[in-house]
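Shown next, in structure tokens, is the structure this report addresses.
Nothing in this text is a laboratory measurement; each read-out follows from the coordinates by a stated rule. Note that the coordinates shown come from a computational prediction; the quantities given were computed from them, not determined experimentally. Neighbour counts are summed over all protein chains in view; Cβ atoms, including those assigned to glycine, are modelled from backbone coordinates with ideal geometry.
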Amino acid sequence: MSGDNRLEFSLQAQLENLVDVRAYIDEKGQALGLEKQLLGDLRLVVDEAVTNVVLHAYQGNGGPVELELSRHENNVVVRIRDEGPPLNPDGVADPALDTALAERAPGGMGIFLMKQMMDEVIFEPLASGGNELKLVKHL
């Protein structure tokens with residue numbers, strides 16, 4: 001499949017809506033001809049990213065989130081947009097993987113996981129306010 005194939009989805013950023021996020025990735029990813037393994041990876045990182053929006057951008061109070069899944073020849077691109085305060089990913093420390101799990105503070109794996117599983121992870125503030133996270137996987 002070549003060209004630019006784009007499919008968008010909007011929802012309220014709430015933990016109970018993560019099931020809809022996963023279903024969107026599966027349904028639209030299949031429509032774009034993505035392989036099962038890649039869909040699993042995308043489902044995991046997008047779920048993690050939207051969870052971060054729910055918990056950190058909106059502090060659990062809900063707010064709009066938009067997802068866009070597209071395929072551009074040899075790349076799959078997911079864009080996640082929110083209206084939360086600007087995020088500085090450089091201020092998020094990598095998890096202490098050499099420390100026992102029971103001794104670590106909860107959380108902190110999301111951005112690390114995204115960087116491990118995707119080829120590009122780009123955070124950008126939006127001119128209109130909010131943030132856009134761009135996740136790219138090379139095929």
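Using a Förster distance of 25 Å, how high is the FRET efficiency between residue 100 and residue 59, based on the Cβ-Cβ distance and rounded to 0.05? E(calc), rounded to 0.05, equals 0.25.
When you work out D = kT/(6 pi eta Rh) for the stretch 2-70 at 4 °C and 1.567 mPa s, using the Kirkwood radius from C-alpha pairs as Rh and the Stokes-Einstein form, the result is 105 µm²/s.
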